[in-house]
Each structure stands twice: as structure tokens, then as C-alpha cells.
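Chemist: Take a look at the following structure, please.
The values are calculated or read from the model by the stated rules, or taken from the named source; none is laboratory data. What you see is a predicted model, and the numbers here were worked out from it, not measured in a lab. Here Cβ is always computed from backbone atoms with ideal geometry, including for glycine, and neighbour counts include all displayed protein chains. Heavy atoms of the whole protein, side chains included, go into the accessibility calculation; ligands, DNA and RNA do not. Shrake-Rupley method; radii C 1.70, N 1.55, O 1.52, S 1.80 Å.
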Amino acid sequence: MKNLSAKIALAPTALVALVVFVGCIAWTVGLSFTGSRSIPEFSFVGFEQYVALFGSPRWLVSLRNMAILGIGFVGGCLVLGYLLAIFIDQKVRAESTLRTIFLYPYALSYIVTGFAWQWFLNPQLGLQKFMQDLGWTDFTFRLLIDRNLAIYTIVAAAIWHGAGLVMALVLAGLRGIDEDIWKAINIEGIPKWRAYLSIILPMLGPSFATCILLLAFGVIRNYDLVVAMTGGGPGSATEVPAKFVMDYLFERQNVGLASAGATILILTVVAVAAPIWYARHWQTRRAASASKG
Amino acid sequence: MSEQVLPLAASTAHHDGPRPATFSWERAGIYAFLLVASLFFLLPIYTMVSTSLKTMAEVRATNVLMPPLAPTIEAWGAAWNQACTGLDCDGVQVGFLNSLKIVVPVVVLSILVGALNGYVLSFWRFRGANLVFTVLMFGAFIPLQMVLYPLVRLWSSLGLYGSLPGLIAVHVIFGLPVVTLMYRNFYAGLPIEIFKAARVDGAGFWRIFWSIFVPMSAPITIVVVIWQTTGAWNDYILGLTFGGRENAPMTVQLNNIIASQTGERQFNVEMAATMLTAMVPLLVYMVSGRWFVRGITAGAVKG
Amino acid sequence: MAEVEARNLSIRYGEFTALEKLDLTVPHGQFLVLLGPSGCGKSTLLNSIAGLQPITSGQIWIGGKNVTWAEPKDRGIAMVFQSYALYPKMTVRQNLSFGLKVAGVKAAEIAQRVQRAAETLQLHTMLDRRPAELSGGQRQRVAIGRVLVREAEVYLYDEPLSNLDAQLRVELRREIKRLHRHLGSTSIYVTHDQVEALTLADMIAVMNKGRIEQLGSPEEIYERPATRYVAAFIGSPAMNFIDGDIAIEAGKPVFKWGQASIPLDRYGFAAGATPGKATLGVRPEHIAHGEHAGGQDFLVETTIDLLEPMGSDTLVWCRTKEGQQIGLRVPTELRPREGDAMPLGISVSSASLFDTASGLRL
């Protein structure tokens with residue numbers, strides 16, 4: 001048989017891909033239509049689990065938090081990361097030290113990040129105590145224990161973790177921009193801020209698309225950070241879907257409901273990824289047809 | 001005519017050589033922004049380091065932003081071999097060893113399988129290979145929660161659940177899409193003529209792989225080592241789900257230590273334990289420098 | 001009036017000297033070409049005139065003003081780049097108008113200028129397209145259009161045609177020349193292509209290692225190269241160089257080459273003839289052959305070594321008994337054959353003589 005060795009070499013991967021990435025997903029989707037509790041049963045219940053899911057206040061809070069994270073974290077990382085990249089690109093001293101400082105959180109686990117921020121914002125320990133020790137006794141910084149604000153501390157910690165990624169990717173994009181473009185901007189006397197906004201930003205489209213994709217999946221998968229920082233509390237104020245699924249799978253013994261939640265998660269992934277993929281595909285096709293014609 | 005031009009020309013006529021550097025608000029603003037940003041990124045880690053070097057008495061007396069007055073590594077020692085997870089008080093060294101036992105085989109296996117996959121997908125295109133690649137890339141994007149439960153059932157029935165080989169296997173599987181992509185992109189960037197020349201010389205599938213492409217793969221292998229080491233070390237969810245009590249990696253143990261604290265919390269020990277958990281990826285990051293960024297970029301070009 | 005001047009200009013990067021105490025004056029309305037191999041300092045000089053390149057010492061004057069410390073936008077210049085440097089995500093119309101918009105020019109005025117540039121360069125049909133949808137030649141036309149709307153006094157060109165294929169290069173070359181005639185403003189053009197230099201320039205500055213080797217009209221550069229370097233750089237195929245000695249025989253200067261003595265009385269010496277080592281340079285097209293070979297100052301016997309047919313002409317590479325190689329151009333219909341004897345006639349009046357040691361023209 002032709003290419004037999006190559007086929008044998010790829011076979012284990014093909015098998016794993018098929019079993020884990022196709023089979024297990026199908027299984028999970030299947031389970032979401034059953035009444036499974038702690039062990040899988042094959043009692044078809046239609047969309048009952050989905051009805052129960054969207055009737056659960058905890059799930060709705062999770063979804064709301066995912067939306068807040070999605071907007072706050074992705075937006076925050078893009079803005080902060082682009083600003084950091086721009087400022088680093090101004091031929092500053094100690095550039096490599098600065099880059100090391102901005103990117104190192106990305107090397108840390110979400111567990112470590114979560115604890116670091118939990119302590120940093122801890123009322124008896126961190127920022128609040130520091131301000132009070134300075135003599136500002138009225139200063140209260142109760143974000144982490146305020147039901148309405150706790151989710152924003154998670155946003156802040158996540159930005160701290162991920163902004164460096166945007167900085168690194170965008171800086172690579174900035175360094176790839178043709179020097180002649182900058183010369184043209186200089187000669188036309190276009191102010192730097194204007195150039196970064198109207199000329200350079202559109203040119204960095206692919207870098208930003210990659211960042212958005214990576215950050216958005218970070219949001220959907222977000223589990224460890226919440227576990228370490230708030231454990232989902234106070235109450236269930238900082239629950240997120242990934243944590244909801246984990247809890248119902250392994251602690252609350254409701255596999256059917258958890259599978260329904262997981263299925264919603266993967267639909268979210270598709271909803272985020274599809275437009276970006278489509279845009280890229282469309283752009284490459286347009287570029288290809290333009291170079292032909 | 002020259003008289004009319006003179007006043008203007010005279011004011012600038014002495015300009016010669018480079019423009020002298022003058023104080024500029026723009027430069028000052030740039031450095032001010034970078035300074036504030038650096039503080040934002042450094043303060044949380046500074047908090048942990050300074051607290052971990054204090055005694056509990058000092059922690060109570062001062063606040064986290066104060067530097068330690070009499071630095072001591074007592075808390076680090078306690079974190080390493082005394083911190084308690086429930087009733088076991090052997091410190092984070094247990095988790096450290098577990099993480100090592102997980103990460104080393106994961107990295108080695110990922111390289112072997114990833115390089116082979118990348119090689120097949122770059123040069124030996126046959127019907128179905130593309131489909132495998134597409135499914136694999138899809139796998140790079142799915143949330144773990146989507147496959148976790150079926151995989152737990154599968155692993156139980158295979159007798160792998162809760163065992164070290166079982167945990168290593170899931171790490172390799174979930175690392176496979178990105179590692180394969182890295183090798184595939186790397187090989188696809190090499191001139192195809194190298195492959196064609198080797199075929200014309202009569203070399204077969206395995207010989208071309210071992211004699212020609214493996215020796216050329218050092219740059220991307222470094223990137224993969226960095227990527228998989230930090231990734232596997234920082235993992236929490238797989239270790240939690242598949243590790244069982246025996247094989248809990250450092251992140252899981254750290255969480256257990258901190259979550260199971262009763263009575264007065266030993267903040268200095270907790271922070272020392274956290275720093276110890278962060279140490280390996282931080283070291284990899286510091287040592288690898290630009291390679292780390294390359295790893296992100298290589299892993300980022302999905303799709 | 002926009003005369004451009006570099007006074008005593010030096011640029012150094014650490015140990016490396018890119019430009020050394022360079023003086024250059026481009027009179028108003030002239031088309032100056034900076035010509036030289038890569039690394040000779042021609043682009044550095046252009047960028048320093050534009051204000052894009054910090055200088056180590058010296059001054060830049062444009063239009064009678066010292067602009068050494070001025071921002072690029074305040075120098076009254078416009079520039080065309082090798083890579084076009086169009087803003088990729090803007091349409092052609094936006095590319096042309098963006099700089100003016102930022103500078104606060106009124107919308108009606110911008111529209112008028114864009115209209116005029118589009119007319120001059122026939123950009124009408126592509127105004128609403130993006131650079132990615134244009135061919136290389138169209139992109140460079142847009143880049144020139146962006147320069148036109150600035151209505152600058154000085155136009156700078158940094159190898160604008162190097163990225164284009166041969167046919168387009170010829171086409172756009174003519175367009176640039178026509179444009180210069182039409183605008184009458186001062187232009188400085190950097191290239192490593194001698195044909196571009198010869199066809200476009202009013203004045204050529206041939207550069208080498210951070211210095212100007214010769215500044216002159218295309219005819220002067222071609223016919224009376226000031227140094228052996230210039231002589232070798234200009235002309236394709238390159239000038240033939242023959243090493244020998246100048247001697248005085250019977251009160252008259254002669255060029256001694258092996259056994260032969262070539263009389264030099266018809267050569268226009270710059271400052272009298274002195275005996276010493278010298279190099280005789282003869283352009284391939286100035287070598288007579290066939291029936292004309294005899295009537296020249298000197299006749300040399302050679303055999304044909306190699307032929308390179310080039311369509312209407314054939315390059316003939318001959319070799320003397322002593323092994324000296326001489327190349328010349330012959331109409332293809334003469335059908336030369338390899339191995340044939342080829343007597344060649346050399347006339348010293350159209351040749352160049354260089355001091356072998358210094359490379360300077362004698």
C-alpha cells in the first residue's frame with residue numbers, strides 16, 4: 001500500500017483524535033439529552049436538562065459573569081496590551097526588562113495568579129491595610145467581598161495575567177511593519193497617536209484577531225482562576241460556566257445537567273471562532289483573487 | 001532679496017549636526033506610563049515575596065507593601081516540608097515531585113508524537129490526513145469540560161483512572177493539537193526540495209525523518225519544551241480530575257493546602273508555597289527569554 | 001526657489017562612517033540622481049535630506065533655509081519609497097488625502113488636489129480601491145500621486161522602481177521624467193541602476209564609500225569618467241581596462257603595452273602627461289572592427305573567445321596572444337564565429353586614461 005509507513009505513523013493520533021475529540025464530544029452531547037445523575041443512564045428526556053439549566057439562577061449568574069469577563073477581560077487586555085506595545089516601541093531604555101515585567105504573569109498558572117490577587121486585595125492584608133496604615137483610615141477596598149464587584153477583581157487579575165500576551169503578539173506585529181510606512185507618516189507630518197489609530201491599528205488586524213481568539217477561549221475555559229481567587233463566592237457571585245459544569249459533574253452528581261452546560265460552552269466557542277475564521281478565509285480568498293486579476 | 005531671507009535664515013543658520021536633546025513632555029509621559037504599568041505588574045508578586053520573607057508576627061504588625069524588616073526564609077522551609085494538606089504535613093515538596101514525574105514524560109512524549117505528526121502532515125499528504133489535522137485543530141479549541149466526563153469513564157474502564165500513566169496520557173493528548181501544529185508549521189517552512197532530494201536519493205519514510213528532519217528540529221523543539229513544560233506544570237484541571245490523591249500535582253496540592261487551612265492563617269507560609277509553585281515556570285520564562293515569546297507566537301497561529 | 005544643499009555633512013554609526021564631509025548642491029528645478037552600489041551611502045544621504053536620518057555633523061539647506069533641525073514635514077519635501085509605503089487599509093482616495101486632512105487643509109481644496117493628481121496619473125478608475133487590489137505599477141503610481149498632492153518644492157525618490165518588473169520599470173521611468181518636466185521642481189532620485197540614472201538625470205552623483213566620486217551631466221559621467229571606479233560602474237558591458245605605462249618617446253606621450261606603443265597625442269590630458277603606470281579604458285562600443293579597424297590610433301590582433309548574442313547586437317569577447325581580454329559590441333548580422341581572428345582598432349580620443357595607483361583620470 002502506498003505511504004503505508006506514513007499512515008501507520010499517524011494512526012495513533014488519528015485514533016485519539018477520533019475517540020477523544022469526536023467520540024467524547026458526541027457522548028457529552030448525548031448525555032445532555034438524558035436524565036443521568038451520578039452515573040450515565042440512557043433515559044431520553046429531550047430538552048429537559050436545557051430547560052432546567054436556563055431555569056437555574058446559578059447558571060444565569062455564570063453566563064452573566066462570562067459576558068462581563070468576555071467584554072472586560074478581552075477589551076482590557078487589548079487596550080492595555082496595545083498601549084504597552086506602543087510605548088515600548090518608542091525606542092525606550094531597558095526595553096527587554098520592561099517586556100520581561102509585562103509578560104511574566106503569563107508564565108504563571110491561574111492558581112498562582114488567583115492567590116496573588118486574593119492576597120493583594122485582602123482587606124486585612126493588602127491594599128486596604130496599606131492605605132489605612134498610611135493614615136487614610138476611611139479607605140475601604142472591599143471589592144473582593146462585595147457581591148456586585150467581586151467579578152471585576154477577577155477581570156483585573158485576568159487582565160494582569162493576559163495583557164502581556166497581547167503586548168508580545170502586537171509588538172511582534174509592530175516590528176514587522178515596513179519602515180517606509182513610518183517614513184511616509186513622518187514626512188506627511190501625521191501625529192503619532194493618529195498614525196497608531198488610523199494607519200497602524202488596521203494593519204495589525206491579524207495580530208489582534210489571534211489575540212481575541214486566544215483570550216476569548218481563555219474566558220470560556222476560565223475555571224482555575226475563580227477557584228483560587230473566590231471559589232465562586234461570595235455566595236455564587238463569581239460563578240462561571242466552566243466551574244458550573246465541573247461542580248455538577250464531580251460534586252453535585254448531575255451529569256445530565258453538566259453535559260447540557262458543556263454543550264452550551266462548545267456552542268459559545270463555535271459562535272466566537274466562526275466569524276473570525278470566516279473573515280480570515282474570506283480575506284485570503286479576496287487577496288488571492290486580487291493578485292490573480 | 002537676500003536681505004528679506006536673512007532674518008529667518010539667521011535664526012537657524014547656526015544649526016549644525018544632530019538636533020540637541022531637550023526635555024520633552026512626550027518622553028516623560030512615555031516613561032511615566034511605563035513606570036505605572038510596571039508597578040501594576042510587579043506589585044502582586046512583590047506582595048507575595050515580601051510577605052513570605054516575614055514572620056507571622058511581622059505580617060500582623062505591618063502590611064503587605066512594607067518590605068520585610070528582618071528577612072527570613074523560615075516560611076519557605078515550612079512551606080517546602082511542613083505545610084499541611086488536611087492531616088498530611090509533608091509540605092509542597094510532595095506536589096513538586098509529582099509535578100516533575102508528570103512533566104518530564106509529558107514533554108518527551110509530546111515531542112516524539114508531535115514531531116512525527118508534523119512530519120507526516122507536512123510531507124506525506126494522503127487522503128484522510130487533512131481530516132485528521134482538521135479534527136486535531138478543532139481539539140485545540142474545545143473546552144476541556146466538554147470531554148472530561150466521558151474520558152473519566154473511559155479511563156476507569158481501561159484501569160488508567162487515578163494513575164500516573166493515565167494522567168500523563170491525558171496531558172499528551174490535550175497537548176497534541178498545538179504541538180503537532182508547531183512542528184507542522186516548522187516543517188512546512190523548510191524548503192520542500194530537501195524532502196524531494198532525500199526521496200530521489202532513495203531514503204524511506206523513517207530514514208528521512210530520523211536522519212534529516214529530526215536533526216533540523218532543534219529550534220522548534222526548544223519552543224515545544226518551553227510550551228509544554230509551563231503548560232503541564234501550570235495545569236490544574238487535569239491533575240485534579242485524573243491525578244487522584246496519589247499523583248496530585250503541585251498546583252492541586254497548593255490549592256488544597258490553602259483551602260484546608262484552619263485557625264489562624266499562616267499567610268507567610270501560604271505565600272512561600274505559592275512562590276515555590278510558581279518557581280519552575282518563572283525560571284523557564286526567565287531563562288528562555290525570547291524563545292518563550294516565540295512559543296506563544298507559534299502556538300497562536302492556530303487556524 | 002528650492003535649491004537643496006548638503007554642507008560638510010557627516011554621518012557615523014559608531015566606528016562605521018556612512019557619509020564623510022560631503023558637500024552637494026542641487027540647483028532649483030534640477031533632476032539629480034544619486035547612483036552607486038548598495039552601501040555607498042546614497043540612501044543615507046537622501047534620508048538625511050528628508051530629515052529621517054539623524055546626522056553627526058554638517059547642515060542641510062532647502063530653499064535657502066537651514067533645515068538641519070527641522071521636522072521632515074516642515075522641510076517642504078515629498079518622498080516616494082521603494083516599497084510604495086501606501087497605507088494598506090485605506091483606499092487610494094484616502095491614501096492621497098489623509099496627510100492633507102491631518103494637516104488641516106479644507107475639504108474642497110483636498111478634493112481638488114486629489115482630482116488633479118488623479119488626472120495627471122490616470123488614477124480615476126482606482127480611487128476607491130485598496131492597495132492590495134492594485135498591481136505593483138499601479139501602487140507606485142498611487143505613491144507618486146500621494147507625493148503630488150503635497151505640492152512640495154522638493155521630490156525625493158528612494159529606488160522607486162526597484163520592486164517592479166523590467167517592462168513596468170521602463171514605463172514608469174518615462175512617466176517620472178515627464179512629470180518632472182511638467183512640475184519643474186527639484187528632484188533627488190536614488191538608484192543603483194545606471195540606465196535609470198542616465199535616462200532620468202540632469203545631473204548624476206556617483207557615490208562610493210560615503211563620498212561623491214563624480215558629479216556631472218550623464219554625458220560627462222559616461223564620456224569623461226573622473227575615476228576608474230566611475231568608469232567601471234557606468235556602461236554595460238563594462239569598459240575594457242588595459243594596464244600599461246605612459247612614457248615619453250621622441251617628445252611625445254605614448255602608452256606602452258607589452259611590445260606595443262600607442263601614440264597618445266590625440267588624447268586630451270587634463271594636466272600634461274607624466275611617465276608612470278597607467279590604465280587605458282576603452283568602452284566596448286568605441287572599439288572598431290572589420291574594415292574600420294585599420295583607420296584608428298592602434299590595431300590589435302585578437303581571436304574570438306566567446307559570443308553572447310543579445311538580439312540586435314552580439315557581445316564578442318576577444319583575447320590577445322598575451323591573454324588580455326577585450327569585449328565589444330558587434331551587430332548580429334555580421335555573424336562572428338568563435339575561434340575567428342578579430343583585428344580591433346582602438347582610438348585614444350574616445351578612451352580614458354587613469355593613474356593606476358590613484359585611479360584618477362589623467
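Chemist: Is it the case that residue A:86 is at pLDDT 95 or above and either farther than 25 Å from residue B:288 by Cα or touching a His at 6+ places or on another chain (Cβ under 8 Å) (or both)? I'd like the intermediate steps shown before the answer.
Modeler: Numbers: at pLDDT 95 or above: yes; either farther than 25 Å from residue B:288 by Cα or touching a His at 6+ places or on another chain (Cβ under 8 Å) (or both): no.
In short, no.
Chemist: Of the numbered conditions (1) open to solvent by 10 Å² or more (accessible area, probe 1.4 Å); (2) in contact with a Phe, Trp or Tyr (Cβ under 8 Å, 6 or more places away or on another chain); (3) in contact (Cβ under 8 Å) with a residue 60 or more places away in the chain, residue B:294 satisfies every one except a single condition; which is it?
Modeler: Here residue B:294 meets the rest and fails (2).
Chemist: I'd like to know if the range C:279-301 contains one or more residues that are closer than 15 Å to residue C:241 by Cβ and open to solvent by 40 Å² or more (accessible area, probe 1.4 Å).
Modeler: Looking for residues that are closer than 15 Å to residue C:241 by Cβ and open to solvent by 40 Å² or more (accessible area, probe 1.4 Å), one finds at least one in the range C:279-301, hence yes.
Chemist: I've got another one for you. So which of A:25, A:71, A:8 is β-branched (Val, Ile, Thr), more than 14 Å from chain B (Cβ to nearest Cβ) and part of a helix (DSSP H, G or I)?
Modeler: Within the list A:25, A:71, A:8, the selection yields A:71.
Chemist: Can you give me the number of residues within the range B:111-146 that are farther than 20 Å from residue A:25 by Cα and at the interface with chain A (Cβ under 7 Å from one of its Cβ atoms)?
Modeler: 7
Matching residues to (1) in contact with a Ser or Thr (Cβ under 7 Å, 6 or more places away or on another chain); (2) open to solvent by 40 Å² or more (accessible area, probe 1.4 Å); (3) small (Gly, Ala, Ser); (4) in a helix (DSSP H, G or I):
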{"position": "C:168", "(1), (2), (3), (4)": "no, yes, no, yes"}
{"position": "C:174", "(1), (2), (3), (4)": "no, yes, no, yes"}
{"position": "C:188", "(1), (2), (3), (4)": "no, no, no, no"}
{"position": "C:195", "(1), (2), (3), (4)": "no, yes, no, yes"}
{"position": "C:207", "(1), (2), (3), (4)": "no, no, no, no"}
{"position": "C:219", "(1), (2), (3), (4)": "no, yes, no, yes"}
{"position": "C:225", "(1), (2), (3), (4)": "yes, no, no, no"}
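Chemist: Looking only at the range B:241-256, decide whether some residue is within 13 Å of chain A (Cβ to nearest Cβ), among the acidic types (Asp, Glu) and either surrounded by 14 or more Cβ atoms within 10 Å (Cβ to Cβ) or touching a Leu at 6+ places or on another chain (Cβ under 9 Å) (or both).
Modeler: no
Chemist: Select, from A:123, A:105, A:40, the only residue that is crowded, with 16+ Cβ neighbours inside 10 Å, of a type outside the set (Gly, Ala, Ser), out of contact with any Cys (no Cβ under 6 Å at 6 or more places or on another chain) and not in a helix (DSSP H, G or I).
Modeler: Values: A:123 fails: crowded, with 16+ Cβ neighbours inside 10 Å; A:105 fails: not in a helix (DSSP H, G or I).
Of A:123, A:105, A:40, the one residue that is crowded, with 16+ Cβ neighbours inside 10 Å, of a type outside the set (Gly, Ala, Ser), out of contact with any Cys (no Cβ under 6 Å at 6 or more places or on another chain) and not in a helix (DSSP H, G or I) is A:40.
Chemist: Can you name the residue in the range C:328-354 that is among the acidic types (Asp, Glu) and farther than 18 Å from residue C:312 by Cβ and is also most open to solvent (accessible area, probe 1.4 Å) among such residues?
Modeler: Among them, the one singled out is C:338.
Chemist: Within the range A:53-68, can you find the residues that are in contact with a helix residue (DSSP H, G or I) (Cβ under 6 Å, 6 or more places away or on another chain) and more than 14 Å from chain B (Cβ to nearest Cβ)?
Modeler: A:65, A:68
Chemist: Residue check, residue B:189 against (1) farther than 16 Å from residue B:114 by Cβ; (2) surrounded by fewer than 16 Cβ atoms within 10 Å (Cβ to Cβ); (3) without any contact (Cβ under 8 Å) to a residue 40 or more places away in the chain, all met but one. Which one?
Modeler: Of everything listed in (1) farther than 16 Å from residue B:114 by Cβ; (2) surrounded by fewer than 16 Cβ atoms within 10 Å (Cβ to Cβ); (3) without any contact (Cβ under 8 Å) to a residue 40 or more places away in the chain, residue B:189 misses just condition (1).
Chemist: Can you tell me which residue is farthest from the other protein chains (Cβ to nearest Cβ) among those in the range B:57-87 that are in a helix (DSSP H, G or I) and crowded, with 16+ Cβ neighbours inside 10 Å?
Modeler: So, considering only residues that are in a helix (DSSP H, G or I) and crowded, with 16+ Cβ neighbours inside 10 Å, the one farthest from the other protein chains (Cβ to nearest Cβ) is B:74.
Chemist: A follow-up question, please. Check whether at least one residue in the range C:248-266 is of a type in the set (A, V, I, L, M), in the same structural domain as residue C:319 (by TED's automatic domain parsing), at positive phi and open to solvent by 10 Å² or more (accessible area, probe 1.4 Å), and report yes or no.
Modeler: Narrowing the range C:248-266 to residues of a type in the set (A, V, I, L, M): C:248, C:250, C:254, C:260, C:262, C:264.
Those left that are additionally in the same structural domain as residue C:319 (by TED's automatic domain parsing): C:248, C:250, C:254, C:260, C:262, C:264.
Still in the list and also at positive phi: C:250.
If we keep only those that are open to solvent by 10 Å² or more (accessible area, probe 1.4 Å) too, we end up with C:250.
Within the range C:248-266 (the criterion being of a type in the set (A, V, I, L, M), in the same structural domain as residue C:319 (by TED's automatic domain parsing), at positive phi and open to solvent by 10 Å² or more (accessible area, probe 1.4 Å)), the answer is yes, since at least one residue qualifies.
Chemist: Would you mention how many residues in the range C:314-362 are in contact with an Asp or Glu (Cβ under 9 Å, 6 or more places away or on another chain) and charged (D, E, K, R)?
Modeler: Final tally of qualifying residues: 5.
Chemist: For residue A:200, are the conditions met, namely being within 14 Å of chain C (Cβ to nearest Cβ), β-branched (Val, Ile, Thr) and assigned to a helix (DSSP H, G or I)?
Modeler: When the stated conditions are applied, residue A:200 passes them.
Chemist: For residue B:161, are the conditions met, namely being modelled with pLDDT of 90 or more, within 14 Å of chain A (Cβ to nearest Cβ), within 25 Å of residue B:104 (Cβ to Cβ) and open to solvent by 60 Å² or more (accessible area, probe 1.4 Å)?
Modeler: It is true that residue B:161 is modelled with pLDDT of 90 or more, within 14 Å of chain A (Cβ to nearest Cβ), within 25 Å of residue B:104 (Cβ to Cβ) and open to solvent by 60 Å² or more (accessible area, probe 1.4 Å).
Chemist: For the range A:199-211, what are the residues that are open to solvent by 10 Å² or more (accessible area, probe 1.4 Å) and out of contact with any helix residue (DSSP H, G or I) (no Cβ under 6 Å at 6 or more places or on another chain)?
Modeler: Within the range A:199-211, A:201, A:202, A:203, A:205, A:206, A:208 meet the criteria.
Chemist: Can you tell me how many residues in the range A:80-112 are under 16 Å from residue A:219 (Cβ atoms) and more than 9 Å from chain B (Cβ to nearest Cβ)?
Modeler: Selection size over the range A:80-112: 1.
Chemist: I'd like the full set of residues that are within 21 Å of residue A:105 (Cα to Cα) and crowded, with 17+ Cβ neighbours inside 10 Å, limited to the range B:17-39.
Modeler: Those that are within 21 Å of residue A:105 (Cα to Cα) and crowded, with 17+ Cβ neighbours inside 10 Å: B:34, B:37.
Chemist: Also, I was wondering about something else. Quick check on residue C:50: is it in contact with a strand residue (DSSP E or B) (Cβ under 7 Å, 6 or more places away or on another chain), within 24 Å of residue C:180 (Cα to Cα) and either open to solvent by less than 10 Å² (accessible area, probe 1.4 Å) or in the same structural domain as residue C:204 (by TED's automatic domain parsing) (or both)?
Modeler: yes
Chemist: Consider residue C:136 against the criteria (1) within 12 Å of chain A (Cβ to nearest Cβ); (2) open to solvent by less than 30 Å² (accessible area, probe 1.4 Å); (3) within 22 Å of residue C:49 (Cβ to Cβ): it satisfies all of them except one. Which criterion is unmet?
Modeler: Of the numbered conditions (1) within 12 Å of chain A (Cβ to nearest Cβ); (2) open to solvent by less than 30 Å² (accessible area, probe 1.4 Å); (3) within 22 Å of residue C:49 (Cβ to Cβ), the odd one out for residue C:136 is (3).
Chemist: Any chance you could count how many residues in the range C:273-296 are in contact with a Ser or Thr (Cβ under 8 Å, 6 or more places away or on another chain), touching a residue at least 60 places away in the same chain (Cβ under 8 Å) and assigned to a loop (DSSP other than H, G, I, E, B)?
Modeler: 1
Chemist: While we're here: Out of the residues in the range B:257-267 meeting the condition of being under 19 Å from residue A:116 (Cα atoms) and small (Gly, Ala, Ser), tell me which one is most open to solvent (accessible area, probe 1.4 Å).
Modeler: The extreme case among them is B:259.
Chemist: From the list B:165, B:177, B:150, B:143, pick out the single residue that is in the same structural domain as residue B:235 (by TED's automatic domain parsing) and not in a helix (DSSP H, G or I).
Modeler: After applying the criteria, what remains is B:143.
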